[in-house]
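Below is one structure; the comments refer to it alone.
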Amino acid sequence: MTSSPAAASTISTHLNDLGVLPEHYDKIITGDLGVVGSEILLDLLKAKGYDITKQHMDCGLTIYDLKSQDVHSGGSGCGCAAVTLAGYILQCLKEQKWKRVLFVPTGALLSSVSANEGDTVPGIAHAVALEWKEQ
């Protein structure tokens with residue numbers, strides 16, 4: 001299961017609604033799609049006419065070392081996103097390393113009813129635009 005289609009839909013809709021290109025953002029950050037999900041996301045967005053390769057960062061790929069940690073495709077989307085936002089992204093904005101970020105946490109819409117009935121688990125994504133402005 002991957003939330004890549006949900007993230008692609010959210011990102012492309014956001015960019016289209018605002019009438020901006022990916023370059024509008026210093027970073028477009030997902031969490032946690034991992035290696036496979038990130039590749040799927042990039043392919044889906046390229047098919048929609050958006051190349052976010054230069055801007056994309058994935059929270060799971062940021063906090064895990066795939067060479068030394070056996071994490072396979074990553075961890076919890078909400079956990080990776082929260083840790084990376086609080087511990088890294090906000091600091092990069094505060095230090096003005098980045099001025100504008102599109103933060104797109106991803107995850108699964110879990111339901112004990114649907115899981116017990118054998119239904120699929122839908123992937124979800126929402127977007128929050130973050131900007132640092134001097135007071």
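Quick check on my filter: what residues within region 44-76 are at pLDDT 95 or above and of a type in the set (Gly, Ala, Ser)?
Answer for region 44-76, where residues must be at pLDDT 95 or above and of a type in the set (Gly, Ala, Ser): ALA47, GLY49.
If a residue must be free of Cβ contacts under 8 Å to residues at least 40 places away in the same chain and more than 12 Å from ALA8 (Cβ to Cβ), how many such residues does region 23-38 contain?
The total comes to 3.
Take the residues in region 20-43 that are part of a helix (DSSP H, G or I), under 17 Å from ALA127 (Cα atoms) and modelled with pLDDT of 95 or more, then tell me which one is nearest to the chain's Cα centre (by Cα).
LEU41
Name every residue in region 109-135 that is within 24 Å of the chain's Cα centre (by Cα) and aliphatic (A, V, I, L, M), in order of residue number. Give the derivation first.
Residues of region 109-135 that are within 24 Å of the chain's Cα centre (by Cα), as a first pass: 109-111, 120-133.
Within region 109-135, LEU109, LEU110, VAL121, ILE124, ALA125, ALA127, VAL128, ALA129, LEU130 meet the criteria.
Looking only at residues in region 80-135 that are at pLDDT below 80 and not in a loop (DSSP other than H, G, I, E, B), which one is least open to solvent (accessible area, probe 1.4 Å)?
So the residue we want is SER114.
Answer yes or no: is there a residue in region 48-55 that is loosely packed, with under 13 Cβ neighbours inside 10 Å, in contact with a helix residue (DSSP H, G or I) (Cβ under 9 Å, 6 or more places away or on another chain), touching a residue at least 24 places away in the same chain (Cβ under 8 Å) and closer than 25 Å to GLY87 by Cβ.
The answer is yes; a qualifying residue exists.
Filter region 10-23 for residues that are open to solvent by less than 60 Å² (accessible area, probe 1.4 Å) and more than 13 Å from PRO105 (Cα to Cα) and give the result. Outline the logic, then answer.
First, the residues of region 10-23 that are open to solvent by less than 60 Å² (accessible area, probe 1.4 Å): 10-12, 14-15, 20, 22.
Hits for region 10-23 are SER12, HIS14, LEU15, VAL20, PRO22.
Spot the failing condition for THR2; the list is (1) among the hydroxyl-bearing types (Ser, Thr, Tyr); (2) out of contact with any strand residue (DSSP E or B) (no Cβ under 7 Å at 6 or more places or on another chain); (3) modelled with pLDDT under 90, and only one is missed.
(2)
Considering only residues of region 24-41 that are more than 17 Å from THR62 (Cα to Cα) and touching a Lys or Arg at 6+ places or on another chain (Cβ under 8 Å), which is most open to solvent (accessible area, probe 1.4 Å)? Full working, then the answer.
The initial filter retains those residues of region 24-41 that are more than 17 Å from THR62 (Cα to Cα), namely 24-25, 40.
Then keep just the ones that are touching a Lys or Arg at 6+ places or on another chain (Cβ under 8 Å); that gives 24-25.
Working: HIS24: 65, TYR25: 8 Å².
The selected residue is HIS24.
The values are calculated or read from the model by the stated rules, or taken from the named source; none is laboratory data. Source: prediction; values computed, not measured. All Cβ positions, glycine included, derive from the backbone under ideal geometry; neighbour counts span all protein chains shown. In case anyone asks, the SASA skips ligands and DNA or RNA and just uses the protein heavy atoms, side chains included. Shrake-Rupley method; radii C 1.70, N 1.55, O 1.52, S 1.80 Å.
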